[in-house]
Amino acid sequence: MNFRKIKILIVDDSDIMLKIMHEYFRVYDVIIETSINGLDGIKKAKEIKPDLILLDLLMPNFDGLKMLQVVKLLDELKHIPVIVISANTDKANVLSAIESGADQVLAKPVKKDMLISAVEKAIGTTLNFKPDLGNDIIEETDDELKEHLIKSFVTKFKSEKKEVDEFLFNKDINGLKNFAHNTKSIAQTIGHPQLLNINAEVENLLEKPVVNWQLIKIKFNQVYAIIRDIENSLAVWKN
């Protein structure tokens with residue numbers, strides 16, 4: 001029986017998503033490598049030759065679809081199975097991913113059992129448990145993990161809010177775009193469509209030739225209100 005460690009490259013610009021993936025795979029005897037953008041993902045794939053790539057589509061600059069297209073053009077990488085994980089799984093997006101070479105497309109937020117099953121199907125073998133952990137480890141449930149990730153998001157936002165307020169005051173378009181994109185990625189990960197949609201609207205508004213700053217401020221107040229509601233839901237969750 002072959003117990004070679006499986007190498008998995010995860011490409012996603014959301015630190016929360018990367019935490020989820022590490023949590024999902026921590027009981028398995030696999031090697032996890034990560035990257036936060038498509039260009040670096042291609043570079044890492046060429047360096048480590050992973051057995052599998054888990055790929056987000058929504059990334060700034062060089063997105064996941066572009067990376068997938070490049071990977072499938074390179075002789076040294078095109079044989080590597082790729083599983084796309086994205087919140088936007090409408091028919092057109094799924095078709096684009098499959099046509100570009102994705103083996104499977106999973107919707108965010110993805111459940112652990114669904115992901116592990118997809119991974120094992122893609123690599124054609126069952127993942128081995130870590131020998132030092134065996135079957136005795138107590139794993140977090142999906143709800144417990146989601147609560148942990150939401151708490152991390154809220155804590156991080158509290159430390160960033162002053163900076164975001166300065167972006168608004170100074171009309172810093174790039175700073176606000178980065179915040180909206182990152183928050184949108186987090187909303188995908190934790191499965192919060194309202195937060196996702198508002199930040200997508202913010203990104204679109206910031207792309208306009210003339211930015212409506214009054215509307216931008218309204219949208220950010222809505223974002224702040226949603227995050228306060230999320231924080232309040234944590235207290236309810238505990239009771």
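The values are calculated or read from the model by the stated rules, or taken from the named source; none is laboratory data. Since we're looking at a predicted model, the values are computed, not measured. Ideal geometry is used to build each Cβ from the backbone, glycine not excepted, and the neighbour counts take in all protein chains shown.
Filter segment 146-183 down to the residues that are in a helix (DSSP H, G or I) and either among the acidic types (Asp, Glu) or in contact with a Cys (Cβ under 6 Å, 6 or more places away or on another chain) (or both) and list them by number. Hits for segment 146-183 are GLU147, GLU160, GLU163, ASP165, GLU166. For segment 143-196, the set of residues classified as out of contact with any helix residue (DSSP H, G or I) (no Cβ under 7 Å at 6 or more places or on another chain) and of a type in the set (Asp, Glu) consists of ASP143, GLU144, GLU160, GLU163, ASP165, GLU166, ASP172, listed by residue number. Looking only at segment 114-142, which residues are touching a helix residue (DSSP H, G or I) at 6+ places or on another chain (Cβ under 9 Å) and modelled with pLDDT of 85 or more? Those that are touching a helix residue (DSSP H, G or I) at 6+ places or on another chain (Cβ under 9 Å) and modelled with pLDDT of 85 or more: LEU115, ILE116, VAL119, THR126, LEU127. List the pairs whose first member sits in segment 93-111 and is more than 13 Å from ALA122 (Cα to Cα), whose second member is among the polar types (S, T, N, Q) and not in a helix (DSSP H, G or I), and whose Cβ atoms are under 6 Å apart, counting only residues at least 6 apart or on separate chains? Matching pairs, first to second residue: ALA107/THR89.
Table: residues versus (1) touching a Leu at 6+ places or on another chain (Cβ under 7 Å); (2) under 19 Å from LYS111 (Cα atoms); (3) aromatic (Phe, Trp, Tyr).
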| position | (1), (2), (3) |
| --- | --- |
| LYS7 | no, no, no |
| VAL11 | yes, yes, no |
| ILE36 | no, no, no |
| LYS46 | yes, no, no |
| ASP51 | no, no, no |
| LYS66 | no, no, no |
| SER86 | yes, yes, no |
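Inside segment 1-38, residues that are over 21 Å from ASP113 (Cβ atoms), surrounded by fewer than 21 Cβ atoms within 10 Å (Cβ to Cβ) and modelled with pLDDT of 95 or more make up a count of 4.
There is no residue in segment 229-236 that is under 23 Å from the mean Cα position of the chain (by Cα) and farther than 29 Å from LYS111 by Cβ.
Using the structure shown, decide if LYS112 is in the same structural domain as ILE10 (by TED's automatic domain parsing), surrounded by 14 or more Cβ atoms within 10 Å (Cβ to Cβ) and of a type in the set (D, E, K, R). Considered against the rule, which asks whether it is in the same structural domain as ILE10 (by TED's automatic domain parsing), surrounded by 14 or more Cβ atoms within 10 Å (Cβ to Cβ) and of a type in the set (D, E, K, R), LYS112 comes out as yes. Only one of the numbered conditions (1) in contact with a Phe, Trp or Tyr (Cβ under 7 Å, 6 or more places away or on another chain); (2) in a helix (DSSP H, G or I) is violated by ILE32, and that is (2). Of the residues making up segment 52-68, those that are surrounded by fewer than 16 Cβ atoms within 10 Å (Cβ to Cβ) and either of a type in the set (Phe, Trp, Tyr) or within 13 Å of SER96 (Cα to Cα) (or both) number 1. Contact map, segment 197-211: residues that are outside the structural domain of ILE173 (by TED's automatic domain parsing) and touching a residue at least 60 places away in the same chain (Cβ under 8 Å) paired with residues that are of a type in the set (Gly, Ala, Ser) and in a helix (DSSP H, G or I), Cβ distance under 8 Å, separation 6+ or inter-chain. No pairs are found.
Number of residues in segment 52-108 that are among the small types (Gly, Ala, Ser) and closer than 13 Å to VAL11 by Cα equals 2.
One line per residue, one yes/no per condition, for (1) at positive phi; (2) part of a loop (DSSP other than H, G, I, E, B); (3) not small (Gly, Ala, Ser):
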residue	(1), (2), (3)
ILE20	no, no, yes
LEU39	no, no, yes
LYS44	no, no, yes
VAL84	no, no, yes
ASN88	no, yes, yes
ALA92	no, no, no
